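The values are calculated or read from the model by the stated rules, or taken from the named source; none is laboratory data. Note that the structure is a prediction, hence the values are computed from the model and not measured. With ideal geometry, Cβ positions are generated from the backbone for all residues, glycine too; neighbour counts draw on all protein chains shown. Keep in mind that these areas ignore ligands, DNA and RNA; they rest on the heavy atoms of the full protein, side chains included. Shrake-Rupley method; radii C 1.70, N 1.55, O 1.52, S 1.80 Å.
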Amino acid sequence: MIKLSFIELRDRRLEKLVPGYGYLTRLICNTKFKAFNGWTKSYDAIIDTGAHISIIPLEIWQDLETKIFADYYVRGLSPKEECYVDIKIAKVKLIIFDEDGNRTPELEIFAYLALDEGIPLILGFKTLLDEFKICFDHKDNEAWLEKV
């Protein structure tokens, strides 16, 4: 079992529009990636159960050991071409861990490698979350990941 955590973010502009809206909540885990010279420093990743694949920002993946398969693009809610983000489809290696020393084995996953700066690190289903059981109870501030 690997402990996960929640973070709450405040969007002041949204709160101004909708008083009492409250915080935006995200489920977070600790990750390290396999680089050419060992493992990277720790990065907080958003666990997104609505994402079909993981996406790794440029500032993280440019020094990683990767197997790149193709250039592609990803888009969010808008179908407009100007909203596309250019990516590379690749495989990367990572571990997920917690402060208690629990960790996954080395995992090799498919991921989108973002070519733009400022993209968040998101862990999605393809070859990652579909391999784990995710349990969370925000009300009691408990969350964890276990191998299926």
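Electrostatic tally near Ala143: other residues with Cβ closer than 12 Å to its Cβ, Lys and Arg +1, Asp and Glu -1, net -1. Taking every alpha-carbon pair under 8 Å whose residues sit at least 6 apart, the chain reaches a relative contact order of 29 percent. Restricting attention to the chain, close to 90% of DSSP beta bridges with both partner residues there are antiparallel.
Each peptide among 66-76, 110-120 gets the average number of other Cβ atoms lying within 10 Å of its residues, and from highest to lowest they stand as 110-120, 66-76.
Surface composition of the chain: carbon and sulfur atoms hold 50% of the protein heavy-atom accessible area at a 1.4 Å probe.
Mind ranking Ile7, Ile56 by accessible surface for me, highest first, 1.4 Å probe?
Descending accessible area places them as Ile7, Ile56.
Below 10 angstrom from the Cβ of Phe125, what's the summed charge of the other residues (Lys, Arg +1; Asp, Glu -1)? Overall, the nearby charge balance is -2. Helices in the chain, meaning DSSP H runs of at least 4 residues, each add -39500 (n - 2.57). Divided by all residues, the mean residue ellipticity at 222 nm is -1500 deg cm²/dmol. Here region 113-129 and region 1-77 have alpha carbon centers that stand 6 Å from each other. Among 26-34, 46-54, the peptide with the highest mean count of other Cβ atoms within 10 Å heads the list, and the full ranking is 26-34, 46-54. With contacts taken as Cα pairs under 8 Å and at least 6 residues apart, region 51-116 reaches a relative contact order of 40 percent. Counting only Cβ charges, +1 for Lys and Arg and -1 for Asp and Glu, the dipole size of region 18-147 around its Cα centre is about 260 debye. A 1.4 Å probe run over region 1-85, with the rest of the protein chains in place, finds 69 Å² accessible per residue. Derived from the Cα gyration tensor, the three semi-axes of the equivalent ellipsoid of the chain are 25, 23, 13 Å, largest first. Extension gain for Asp71-Lys3 works out to 21.1 nm (0.36 nm per residue, less the C-alpha to C-alpha distance). Taking region 55-74 and a reference point 7 angstrom along Cα→Cβ of Tyr84, the backbone N atoms nearer than 12 Å belong to 71-74.
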